[in-house]
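Note sheet for the following structure.
The values are calculated or read from the model by the stated rules, or taken from the named source; none is laboratory data. If you're wondering where the values come from, they're calculated on a predicted model, not measured in any experiment. Quick reminder, even Gly has a Cβ in these numbers, built from the backbone with ideal geometry, and neighbours come from all protein chains shown.
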Amino acid sequence: MQLNINNVSHSVDVAPDTPLLYVLTNEIGLKGARFGCGLAQCGSCSVLVDGAEVRSCVTAVSDLVGSAITTLEGLPALYARQKGLTAPPAMHPLQEAFVAEQAPQCGYCYNGMTIKGAELLARNPSPSDTDIREAMSGHICRCGTYPRIIAAIRRAAADIGRAQ
């Protein structure tokens, strides 16, 4: 089966019902998406599929043939393509904002929060706090750094707006 992951074609030989999360971590070697609950409840396994967030722990790889899958590792290149940059930055502006706001503590939610935040900013470059809270509902932060996560998304939105 051929999968387009971070704009690179990968051939994988797995059962069609294998969850994408297992293919990403065990077959491809990407470690951004994490196993959290295994029930699509926490968001730690999130990836973008054709620009929309998907929970990879419950999504079969056979459902994704022909789709563009973006993981945490692929966010800088995706941002570069979205903005027409000649080269990807070292980090997506949201990743930089998470560091600047000291949003990740244990790091468990970081993948899902960043994936969902990047999806939000791609479709709404100037989200309100209400927009951010609504978008991030369903993502669990075990450390409770929600105010810092909101601040990071706000910062990234401002940084992206200034860069245009």
*Criterion (in contact with a helix residue (DSSP H, G or I) (Cβ under 6 Å, 6 or more places away or on another chain), among the charged types (D, E, K, R) and assigned by TED's automatic domain parsing to the domain that holds residue 149) met by exactly one of 53, 101, 96, 119*: 101
_Would you confirm, using the coordinates I've provided, whether residue 4 is polar (S, T, N, Q), over 20 Å from residue 135 (Cα atoms) and touching a residue at least 12 places away in the same chain (Cβ under 8 Å)?_
yes
_Please count how many residues of region 19-36 are surrounded by fewer than 17 Cβ atoms within 10 Å (Cβ to Cβ) and part of a loop (DSSP other than H, G, I, E, B)._
3
*asked:* Looking at region 51-63, I want the residues that are on the phi > 0 side of the Ramachandran plot and have a partner that is among the charged types (D, E, K, R) with Cβ atoms under 9 Å, at least 6 apart or on another chain. Which pairs are those?
replied: 51/119; 51/123
*Selection from region 131-164 of residues that are surrounded by fewer than 21 Cβ atoms within 10 Å (Cβ to Cβ), under 18 Å from the mean Cα position of the chain (by Cα) and not in a helix (DSSP H, G or I)*: 137, 138, 140, 142
